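Q: The structure under discussion is supplied below as structure tokens; questions concerning it will follow.
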Amino acid sequence: MAWHLITCEYPPDIGGISDHTAQLARGLAAAGEDVHVWCPGRPGSAGASGADCASHQSRRAGVRVHALMGAFGLVDLIRAGAALDACPGPRRILVQWLPHGYGRRSLNLGFCVWVASRARRGDQVDLVVHEPFLELAARPVRHLAMALVHRLMTVILLRAVHRVWVSTPAWESLLRPFALGRPLEIRWLPVPGCEGMREADARSRAAGPPRRPLVGHFGSYGALVAPLLDERLVRVLAGASRPDAVLVGAGSEGFAAAFLAAHPEFVGRVRASGVIPPDAVAETLASCDVLLQPYPDGITVRRTSAMAGLAQGRPIVTTTGHLTEPSWAEQGAVALVPVLDVEGFAASAEHLLTDAEERARLGARAHMVYHAHFSVGHLVRTVLAVA
């Protein structure tokens with residue numbers, strides 16, 4: 001049975017869903033599976049038109065990519081459906097789901113109905129829920145309306161799919177009521193990080209010239225995380241170890257510019273990479289002594305930015321919040337600080353920067369936990385175990 005992964009983004013798109021889909025697709029292909037990816041098209045994209053399963057595809061790393069989904073409108077879905085029907089059955093479809101990924105201002109009921117129709121046609125449809133729906137809030141009214149429509153979309157999907165995968169176990173309790181009593185199988189699916197550079201870069205660090213300690217952050221520097229990072233980074237840079245800082249990811253250059261404008265005393269000690277390829281992300285993170293990864297709702301297993309640091313075996317200082325799973329405290333793979341404790345966060349980072357033995361211990365633990373629970377290999381084994 002061939003795998004058909006339907007996604008709202010795929011490389012060269014940048015984003016967590018893009019990375020997760022590419023990792024899963026390449027991992028399944030490497031395991032000998034027949035893998036197709038169905039993603040939005042662009043003018044001139046390989047696979048942007050065509051009439052049968054073979055003619056409108058391109059191959060990337062052994063994966064057949066069909067860039068036919070367009071903007072997920074009615075015409076796009078009819079075209080993609082016809083192309084799917086032309087592919088030999090039986091078909092196993094896996095939909096990467098978050099409401100705001102599929103157009104129509106996150107209110108694409110038509111896409112949900114189309115997914116349900118694939119199940120009625122006999123395809124085995126699994127849903128990977130990265131984000132379920134907006135929280136219910138009375139204000140603004142449009143957010144309340146969107147949250148209600150998201151729940152209707154969830155009902156449509158959960159009544160049709162064969163199985164649900166969740167990016168964090170926290171989503172199960174939110175989703176279960178919308179199955180309306182259906183005994184639906186819901187399982188956790190790991191979200192890997194960037195892999196591959198740890199050992200080589202560790203050797204280059206050991207052999208290189210003496211340098212300042214280096215702290216890093218990987219993320220998108222959005223409105224919720226940026227203020228948390230700002231107030232913690234100031235304190236870490238002012239600490240006794242006097243580290244430099246490297247900021248990685250989309251939005252890092254803008255954040256660095258604003259940070260240095262507000263804190264000119266750190267000019268020359270903070271640099272930003274901007275958007276760089278996954279291998280370069282891995283290499284840059286591997287060069288850091290400590291990573292600073294605060295989150296307003298706490299670290300969770302769905303945080304790809306945290307997974308990237310774990311994959312490189314880097315000591316990470318992060319925050320606990322209402323979404324943080326108990327496993328983080330049990331596994332001891334990161335340094336945990338309550339999200340409101342800014343001084344405690346800075347103190348934890350300073351302790352790691354000045355204690356080489358503790359840095360090595362926490363980094364080794366991070367690397368071990370990542371490969372046991374979050375790696376691409378574990379992701380693929382988890383999916384294939386129930387296929």
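The values are calculated or read from the model by the stated rules, or taken from the named source; none is laboratory data. Since the model is a prediction, treat every value here as computed from it, not as a measurement. For neighbour counting, all protein chains shown are included, and Cβ atoms are generated from backbone atoms with ideal geometry for every residue, glycine included.
Q: Hey, can you tell me all the residues within region 330-344 that are buried (at least 17 other Cβ atoms within 10 Å of the Cβ) and of a type in the set (Gly, Ala, Ser)?
A: ALA333, ALA335
Q: Test LEU189 against the criterion of being in contact with a Ser or Thr (Cβ under 9 Å, 6 or more places away or on another chain) and either within 29 Å of PHE374 (Cβ to Cβ) or aliphatic (A, V, I, L, M) (or both), and give yes or no. Give the derivation first.
A: Values: in contact with a Ser or Thr (Cβ under 9 Å, 6 or more places away or on another chain): yes; either within 29 Å of PHE374 (Cβ to Cβ) or aliphatic (A, V, I, L, M) (or both): yes.
Against the criterion (in contact with a Ser or Thr (Cβ under 9 Å, 6 or more places away or on another chain) and either within 29 Å of PHE374 (Cβ to Cβ) or aliphatic (A, V, I, L, M) (or both)), LEU189 qualifies.
Q: In addition: Could we say that GLY274 is touching a Gly at 6+ places or on another chain (Cβ under 6 Å) and either farther than 13 Å from GLY216 by Cβ or touching a residue at least 24 places away in the same chain (Cβ under 8 Å) (or both) here? Don't jump to the end; show me each part of the working.
A: Working: touching a Gly at 6+ places or on another chain (Cβ under 6 Å): no; either farther than 13 Å from GLY216 by Cβ or touching a residue at least 24 places away in the same chain (Cβ under 8 Å) (or both): yes.
Answer is no for this residue.
Q: Among the residues of region 4-41, what is the count of those that are part of a loop (DSSP other than H, G, I, E, B), of a type outside the set (A, V, I, L, M, F, W, C) and in contact with a helix residue (DSSP H, G or I) (Cβ under 6 Å, 6 or more places away or on another chain)? Before the answer, list the steps.
A: Of region 4-41, the ones part of a loop (DSSP other than H, G, I, E, B) are 7-15, 31-34, 39-41.
Remaining after also requiring of a type outside the set (A, V, I, L, M, F, W, C): 7, 9-13, 15, 32-34, 40-41.
Filter again for in contact with a helix residue (DSSP H, G or I) (Cβ under 6 Å, 6 or more places away or on another chain), leaving 7, 9-11.
Matching residues across region 4-41 total 4.
Q: Among the residues of region 78-129, write down those that are of a type outside the set (A, V, I, L, M) and touching a Cys at 6+ places or on another chain (Cβ under 6 Å). Give the steps one after another, and end with the answer.
A: At the first step, the residues of region 78-129 found to be of a type outside the set (A, V, I, L, M) are 79, 81, 85, 87-92, 96-97, 99-106, 108, 110-112, 114, 117-118, 120-124, 126.
Across region 78-129, the qualifying residues are CYS87, GLY101, TYR102.
Q: Give me the residue from region 245-278 that is small (Gly, Ala, Ser) and out of contact with any Ser or Thr (no Cβ under 7 Å at 6 or more places or on another chain) and, out of that set, surrounded by the most Cβ atoms within 10 Å (Cβ to Cβ). Give the steps one after another, and end with the answer.
A: Of all residues in region 245-278, those small (Gly, Ala, Ser) come to 245, 249-252, 254, 256-258, 261-262, 268, 272-274.
Restricting the remaining residues to those that are out of contact with any Ser or Thr (no Cβ under 7 Å at 6 or more places or on another chain) gives 245, 254, 256-258, 261-262, 268.
Details: ALA245: 23, GLY254: 14, ALA256: 21, ALA257: 12, ALA258: 13, ALA261: 9, ALA262: 10, GLY268: 9.
That would be ALA245.
Q: A further question follows. Under the condition of being in a helix (DSSP H, G or I) and farther than 23 Å from ARG105 by Cβ, which residue from region 155-196 is modelled with the lowest pLDDT?
A: Let us first name the residues in region 155-196 that are in a helix (DSSP H, G or I), namely 155-158, 170-179.
Cutting the leftovers down to farther than 23 Å from ARG105 by Cβ gives us 170, 172-173, 176-177, 179.
Working: ALA170: 91, GLU172: 96, SER173: 95, ARG176: 97, PRO177: 97, ALA179: 96.
Here the residue is ALA170.
Q: Those residues that are surrounded by 23 or more Cβ atoms within 10 Å (Cβ to Cβ) and over 17 Å from ILE93 (Cα atoms), I need them from region 1-44; list them, please.
A: Of everything in region 1-44, just one residue is surrounded by 23 or more Cβ atoms within 10 Å (Cβ to Cβ) and over 17 Å from ILE93 (Cα atoms), namely ASP19.
Q: Return the residues of region 279-299 that are buried (at least 23 other Cβ atoms within 10 Å of the Cβ) and polar (S, T, N, Q); say none if nothing qualifies.
A: THR284, GLN293
Q: What number of residues within region 332-353 satisfy the criterion of being within 26 Å of the chain's Cα centre (by Cα), without any contact (Cβ under 8 Å) to a residue 40 or more places away in the chain, outside any loop (DSSP other than H, G, I, E, B) and closer than 23 Å to MET368 by Cα?
A: Result for region 332-353: 4.
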